[in-house]
1. Need the list of lysines near A:Lys138 for cross-linking: C-alpha distance under 17 angstrom, and skip anything on the same chain fewer than eight residues off.
2. At a 10 Å Cβ-Cβ cut-off, how would you order A:Phe110, A:Phe6, fewest neighbours first?
3. What is the spin-label model distance, in nm, from A:Lys34 to B:Lys59 if the labels are put 7 Å beyond Cα along the C-beta direction?
4. Which percentage, to the nearest 5, of the DSSP beta bridges contained in chain B is antiparallel?
5. Checking the cross-link filter: which lysines have an alpha carbon closer than 19 Å to that of A:Lys52, excluding same-chain neighbours under 8 positions apart?
6. By how many nm would the segment from A:Ser179 to A:Arg89 grow when fully extended, if each residue of separation counts as 0.36 nm and the alpha-carbon distance is taken off?
7. Could you please rank B:Ser90, B:Ser197, B:Ser111, placing first whichever residue has the fewest other Cβ atoms within 10 Å of its Cβ?
8. For the range A:42-138, what does the relative contact order come out to in percent, with C-alpha contacts under 8 Å and a separation of six or more?
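Read-outs throughout are calculated quantities, based only on the coordinates presented, and are distinct from any laboratory measurement. Quantities reported herein were computed from a predicted structural model and do not represent experimental measurements. Here the Cβ positions follow ideal geometry from the backbone for every residue, glycine too, while neighbour counts run over all protein chains shown.
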Number of protein chains: 2
Amino acid sequence: MKMGIFGTGIVGRTLAQKLASLGHDVVIGTRDPKATLARTEGDAYGSPPFAKWHADNAKVKLVTMPEAARHAELGWNALLGQAAVEALRSAGEDALAGKILVDATNPLDFSKGMPPSLFVSNTDSLGEQIQRALPRTKVVKALNTMAAPLMVDAKLLADGQHSTFVSGDDADAKRTVASFLREAFGHTDVIDLGDISTARGTEMYLPLWVRLWGVTKTPMFSIRVVR
Amino acid sequence: MKMGIFGTGIVGRTLAQKLASLGHDVVIGTRDPKATLARTEGDAYGSPPFAKWHADNAKVKLVTMPEAARHAELGWNALLGQAAVEALRSAGEDALAGKILVDATNPLDFSKGMPPSLFVSNTDSLGEQIQRALPRTKVVKALNTMAAPLMVDAKLLADGQHSTFVSGDDADAKRTVASFLREAFGHTDVIDLGDISTARGTEMYLPLWVRLWGVTKTPMFSIRVVR
């Protein structure tokens with residue numbers, strides 16, 4: 001399947017590597033591919049420069065945002081939260097029309113110090129902002145409640161016995177994404193929370209996630225809904 | 001032990017009944033005991049009038065807020081979120097000085113329709129507001145991530161195999177509350193998140209909790225931190 005990933009950070013790379021290893025035709029979209037490849041320093045989160053990662057993952061093509069949008073049969077938003085709406089608009093509303101976009105980002109605001117706060121919450125969410133910016137795209141919020149390695153390989157933790165959430169306005173799109181998460185990424189408990197406004201719930205979980213990380217000292221944890 | 005519970009709703013009643021059944025000397029504080037007892041209608045959440053509950057729980061005395069504060073060796077905040085800070089101030093900063101106050105409330109705002117939003121979040125929390133209002137009290141945020149029956153009897157669900165959180169500035173107070181939750185209420189996994197600002201995390205989990213309730217159709221669920 002033709003996969004278009006938006007964002008060159010750790011989440012985008014992890015998704016790209018996994019999807020390519022499963023045989024999908026994967027591109028990563030970025031604003032300026034030449035600039036991204038020219039960077040020689042890692043990012044603020046300790047990831048190595050993109051070019052270094054790309055040398056080991058040459059099957060994944062780095063392209064512009066509009067090229068990634070046109071390539072995608074299934075889209076994955078792994079941009080930084082604060083850049084996501086504008087960057088996805090630049091990718092092209094028309095090119096993404098009718099397609100599913102899995103939104104794995106969180107509206108983290110690091111400008112007020114650590115731990116981060118959220119730049120949108122409570123009565124709105126980043127998932128809803130993206131859905132409003134791309135009204136003909138089927139946005140499915142998913143995977144934003146866990147660290148990147150667990151997103152693509154849920155069985156790394158407790159044999160996958162933790163929960164994953166999907167939020168979105170299109171029931172078929174959610175079913176498609178939920179099946180993909182189960183079959184490709186090993187998620188055992190995918191919970192459909194409801195329409196895209198339920199993304200407020202999973203995004204607002206992030207402040208608890210961040211504090212739990214402080215306690216566990218590793219991001220390799222998640223939550224299970226016990227019922 | 002002398003227990004002072006603030007709030008006559010379902011959480012206050014559930015705590016009172018359980019603590020009294022364990023042999024503690026329990027009072028419930030309310031603004032105007034006569035008015036509370038005179039009410040003949042249930043509340044908006046389907047609870048019966050207080051007098052009806054009280055007839056079955058006569059060991060629990062209904063008193064004024066200041067009387068409950070003076071009585072308490074251990075305090076429990078089960079007020080409605082929006083009334084909590086002012087009502088606890090009226091109970092008396094001096095009477096609560098040096099004491100532990102377990103804060104089980106959430107800053108739910110029902111004025112903007114359902115599901116509720118939070119009237120404080122992100123860069124502040126109700127737990128912090130209460131700690132600032134009662135600077136000499138040891139506020140420990142706890143139990144606010146689950147329904148009242150699970151607060152006092154964690155083993156009602158999955159033999160207690162779900163997680164409970166404590167947040168507070170006083171390490172001894174948190175240890176005391178954590179032990180109490182384990183020994184009296186059957187909680188098996190009590191996680192100390194850190195100082196009182198970590199209450200932002202558990203309070204901001206509520207929008208996810210509310211949406212999960214919509215999915216499970218019962219409030220008898222909780223989350224386990226899998227690590």
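1. Filter leaves A:Lys2, A:Lys99, A:Lys174.
2. Numbers: A:Phe110 14, A:Phe6 29.
The fewest-first ordering by Cβ neighbours comes to A:Phe110, A:Phe6.
3. Distance between the two pseudo-spin positions: 8.0 nm.
4. Values: 4 of 30 bridges.
About 15 percent, rounded to the nearest 5.
5. Qualifying lysines at Cα under 19 Å: A:Lys18, A:Lys34, A:Lys61.
6. Details: separation 90, 0.36 × 90 = 32.40 nm, distance 2.74 nm.
My answer for the length gained is 29.7 nm.
7. On the way: B:Ser90 16, B:Ser197 20, B:Ser111 9.
By the 10 Å Cβ count, ascending: B:Ser111, B:Ser90, B:Ser197.
8. Numbers: 109 pairs, mean separation 25.7, N = 97.
Relative contact order here is 26 percent.
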